[in-house]
1. Could you grab me the full set of residues in region 571-597 that are open to solvent by less than 50 Å² (accessible area, probe 1.4 Å), within 25 Å of Gly445 (Cα to Cα) and not polar (S, T, N, Q)?
2. Which one of the conditions (1) surrounded by fewer than 18 Cβ atoms within 10 Å (Cβ to Cβ); (2) at pLDDT below 95 does Leu422 fail to meet, given that it meets all the rest?
3. Within region 398-413, is there a residue that is over 30 Å from Trp552 (Cβ atoms) and either out of contact with any Lys or Arg (no Cβ under 8 Å at 6 or more places or on another chain) or touching a residue at least 60 places away in the same chain (Cβ under 8 Å) (or both)?
4. Residues being buried (at least 24 other Cβ atoms within 10 Å of the Cβ) and farther than 27 Å from Gly206 by Cα: count how many of those fall in region 266-296.
5. Assuming Leu441 fulfils every condition listed in (1) farther than 28 Å from Phe482 by Cα; (2) open to solvent by less than 10 Å² (accessible area, probe 1.4 Å); (3) part of a helix (DSSP H, G or I); (4) not basic (Lys, Arg) apart from one, which condition is it?
6. Does region 377-392 include one or more residues that are of a type outside the set (A, V, I, L, M, F, W, C), closer than 10 Å to Phe345 by Cβ and buried (at least 24 other Cβ atoms within 10 Å of the Cβ)?
7. Within region 84-107, can one find any residue that is farther than 30 Å from Asp25 by Cβ and touching a helix residue (DSSP H, G or I) at 6+ places or on another chain (Cβ under 7 Å)?
8. Only one of these conditions is not met by Glu363: (1) assigned to a helix (DSSP H, G or I); (2) open to solvent by 10 Å² or more (accessible area, probe 1.4 Å); (3) of a type in the set (D, E, K, R). Which number is it?
Amino acid sequence: MEILAVFTPLITFLLTGLFGRQMGDRAAQLITCTGMFIAAFASLVLFFDVIMESDPRTIALAHWITAGDFSIEWALRVDQLAVVMMCVINIISACVHVYSIGYMSHDPCRARFMSYLSLFTFAMLMLVTADNLLQLFFGWEGVGLASYLLIGFWNEKASANAAAIKAFVVNRIGDFGLALGTMAAFFVFGSIQFDAIFNNVADHAGDSFVFLGHAFPALNLICILLFIGACGKSAQLGLHTWLPDAMEGPTPVSALIHAATMVTAGVFLVARFSPVFEYAPLARDVVCITGALTAFVAATIALTQFDIKRVIAYSTMSQLGYMFFALGVSAYNAALFHLMTHAFFKALLFLSAGSVIHALSGEQDMRKMGGIAKLIPFTHVLMWIGSLALAGIPFLSGYYSKDIIIEAAFSAHSGPGLFAFLMGSAAAFMTAFYSWRLIFLVFYGQPRADHHVMEHIHESPPIMLSPLVVLATGAIFCGALFYEPFVAGDYNEPEVLASAEPDIEIEREVEAPVVEEVPDESVWNYRAFLDETTRAHPENDSLEAAHHVPEWVKLEPFILSLAGIALAWVVYIRRRGLAEKIAASVGPLYRLSLNKWYFDELYDRAVTRNALRLGRLFSTTGDRKLIDRLGPDGTAALSRRTGALLSRFQTGYMYHYALVMITGLLGLISWFIYKIGL
């Protein structure tokens, strides 16, 4: 099952990528969708096998690298964390594959698009099943390559090409941090294999790097470097500018990359290294503060955007901030729980937005929408479900996962935790506001679209709507269904960090009396899910305390969400025109939000322009005037001048040739006499 779950997308990519033109678009779509169904089914089987039956394992596939004492195997680490990620990736990807059949029906390169989707899915699966940092880096870079291909898929558009390049370049900054973190881990632990690192982390808690006369805690440095890598992929503040531009790709790409896969790679990386982060308090604080700032800043930007996909993109960035500050307060399972629920409702929102765009003949500006609720009722209802889940309305998935993160931040009783609680609370209010701003602008009020467009508005075909039903089901039920397994288990038993003998621990719990008292449901507990892979140290476990916070803390996110929805109703339905008055009254703040806090302009002036100037300097002065002039160009010029000089003796007169021969002979004799010392 492990091979089917991981390598089926690779096989379908190779088939459609190499033979897509020969087999045709229909066959390519059938092959890739079938492959994803197989991979999703295999992941669900592994879920019951690995988690429900408590059977995590690592499967060695082949020897990969051997250099002296350094040896790396290509292996699949199929543990609880990996299986949860595999289920999310394969299920969301299968929905996106099916949706793409309808959405891309008029595109001339459908087979190539489907093959890229499968390649991306395989790269992500390799990342989450990696057993060592080098294999993880392989999947990490594969995801970056596939995202470049997908974002720039419509390569006839200059904006799509620029967005793809921007995503690729910005992610290279984060990837450099990941590479340095890998090197630092090898330097400290003598290995990059996960078990070797996790099982010995306590022995290296006091290690330091000495640089320029200063000692830096080794584990803090390793974790911060790994977090820099996570910031690139997960669009955290500072390395986030690629995310909104990536909306230039087709909408299925937005759903796949920005809901469940690429942007969650950073969350997965920090969660995977939770045993190390538990001994790196400074790194955890950096993660917490960065995540809190990201959640807040992204939410403020989403308030004023008019591109429907960009609003949802900044919402994704904000929700990723929630996940990271949960990681920063050691609520690892809460972060992963929100990762799973977010995958369903955010993919639902992206694909529903695609359905709106499809109905409006490609229009994405919300100022040119409105009054279409009755024309596309199915999409309207699905967008409501996704927005309710995102806003954290009770009994939908976001209510369970986002609230526990805010409660965990409060219960951390630390400066960064309190900061995250305040930022997360403010972001919760703004999330509800911009979600219903989108709903009201798109579906209600007077139609603002062109008359010709309004005449052709129609509901999406069943091939596009059926995946949305699957995602909506997850957005409604997965929060309540998985709340207890992820975050509401027993915290009172003795704990270990990434135990070297997970099977022994699991067997002990199966034999425990409490399990015998609860028959069939006994496997549905906290430990059965992620205890052996992401477990906070008892002193840092904010998740336990989150269940005992004051009642007002539990009610606050819901109250703020209701307030945000109510305010959006007043501004965009009850008193139309109020939004423009508010924008005018807070002009500088409105422009700050509308221009995305001027991050792009700042980077352009501080980095891009200087980098271009430096590149031109190296190109003109360093390369052309120095290297080429003294190197190949200089050698060629010297050869030409020497040849021109010698050609003067080619006159055709015998006495000229005789003079040259005599001169050469005299020179040779003189050299010979000089050498023998006569």
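1. Listed by number, the residues that qualify are Val571, Tyr572, Ile573, Gly577, Leu578, Ala579, Ala583.
2. (2)
3. Pass one, region 398-413, residues over 30 Å from Trp552 (Cβ atoms): none.
No, region 398-413 contains no residue that is over 30 Å from Trp552 (Cβ atoms) and either out of contact with any Lys or Arg (no Cβ under 8 Å at 6 or more places or on another chain) or touching a residue at least 60 places away in the same chain (Cβ under 8 Å) (or both).
4. 3
5. Unmet condition: (2).
6. At the first step, the residues of region 377-392 found to be of a type outside the set (A, V, I, L, M, F, W, C) are 377, 379-380, 386-387, 392.
From what is left, the residues that are closer than 10 Å to Phe345 by Cβ are 386-387.
Add one more test, that the residue is buried (at least 24 other Cβ atoms within 10 Å of the Cβ), and what stays is 386-387.
Within region 377-392 (the criterion being of a type outside the set (A, V, I, L, M, F, W, C), closer than 10 Å to Phe345 by Cβ and buried (at least 24 other Cβ atoms within 10 Å of the Cβ)), the answer is yes, since at least one residue qualifies.
7. Residues of region 84-107 farther than 30 Å from Asp25 by Cβ: 84-85.
So of that shortlist, the ones also touching a helix residue (DSSP H, G or I) at 6+ places or on another chain (Cβ under 7 Å) come out as 84-85.
Yes: region 84-107 contains one or more residues that are farther than 30 Å from Asp25 by Cβ and touching a helix residue (DSSP H, G or I) at 6+ places or on another chain (Cβ under 7 Å).
8. Glu363 satisfies every listed condition except (1).
The values are calculated or read from the model by the stated rules, or taken from the named source; none is laboratory data. If you're wondering where the values come from, they're calculated on a predicted model, not measured in any experiment. Ideal geometry is used to build each Cβ from the backbone, glycine not excepted, and the neighbour counts take in all protein chains shown. Heavy atoms of the whole protein, side chains included, go into the accessibility calculation; ligands, DNA and RNA do not. Shrake-Rupley method; radii C 1.70, N 1.55, O 1.52, S 1.80 Å.
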